[in-house]
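Reading through the structure tokens given below for one structure.
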Amino acid sequence: MDFRLAGFESPLFTTLHQLMDVPDEAEKSFNAPTRTYVRDARAMASTPADVKEYPGSYAFVIDMPGLKSGDIKVQVEEENVLVISGERKREEEKEGAKYLRMERRVGKFMRKFVLPENANTEAVSALCRDGVLTVTVEKLPPPEPKKPKTIEVKIA
């Protein structure tokens, strides 16, 4: 809206009008992903996982070579989101040693899984053996089918 047409020609209204017209570059920067989002997306993309379904449970299997249990965190968020995260730290360098090649990944990792409705979030266990983390989520028992309700017919 042009304020001059409405009779508002003061510098205050002109400044307000200019502030309301956000340039395209500024608008694009407001929609740009945050650093946290980009970091989490990279961490998720670099953490491959296998998901298996068994008759009574679900299993999430992730390779975690060289990590201790204190480096891995397993949580259930928002009642049905399994979050596996942690950080692989670089080994302390001995004096005089230098890397000729560095290919092993270091840094944060994370995976999120939306659990199915029949997942029992109260029965979650995690075991890390030989560098492989297995998170097991038990299934809830299937609901019992409703029995038909019989209504007695009275004779009047």
Mind putting a number on the dipole of segment 55-95 about its Cα centre? Charges go on the C-beta only, +1 for Lys and Arg and -1 for Asp and Glu, and I need it in Debye to the nearest 20.
-> 120 debye
For segment 66-156, state which GluC sites (Glu not before Pro) are in a DSSP loop and have at most 15 other beta carbons lying within 10 Å of their beta carbon.
-> 78, 79, 91, 92, 93, 95, 103, 117, 152
Compute the Cα gyration tensor for segment 47-156, then decide on rounded, prolate or oblate, letting a ≥ b ≥ c be the square roots of its eigenvalues: rounded whenever a/c is under 1.5, prolate when a/b is larger than b/c in the other cases, and oblate in all that remain.
-> prolate
Using the Karplus curve 6.51 cos²θ - 1.76 cosθ + 1.60 with θ = phi - 60°, work out ³J(HN,Hα) for each residue of segment 76-89 in order, rounded to whole Hz, and write x for Gly and Pro.
-> 10, 10, 6, 6, 8, 10, 8, 10, 10, 9, x, 8, 9, 9
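Would you mind working out the magnitude of the charge dipole of segment 95-156 relative to its Cα centre, with +1 at each Lys and Arg C-beta and -1 at each Asp and Glu C-beta, to the nearest 20 Debye?
Details: 13 positive and 8 negative charges, 54 e Å.
Value, rounded to 20: 260 debye.
Bear in mind that the values in this text are calculations on the coordinates, not laboratory data. Keep in mind the model is a prediction, meaning the values are calculated, not measured. Note: ideal-geometry Cβ built from the backbone for every residue, glycine included; neighbour counts use all protein chains shown.
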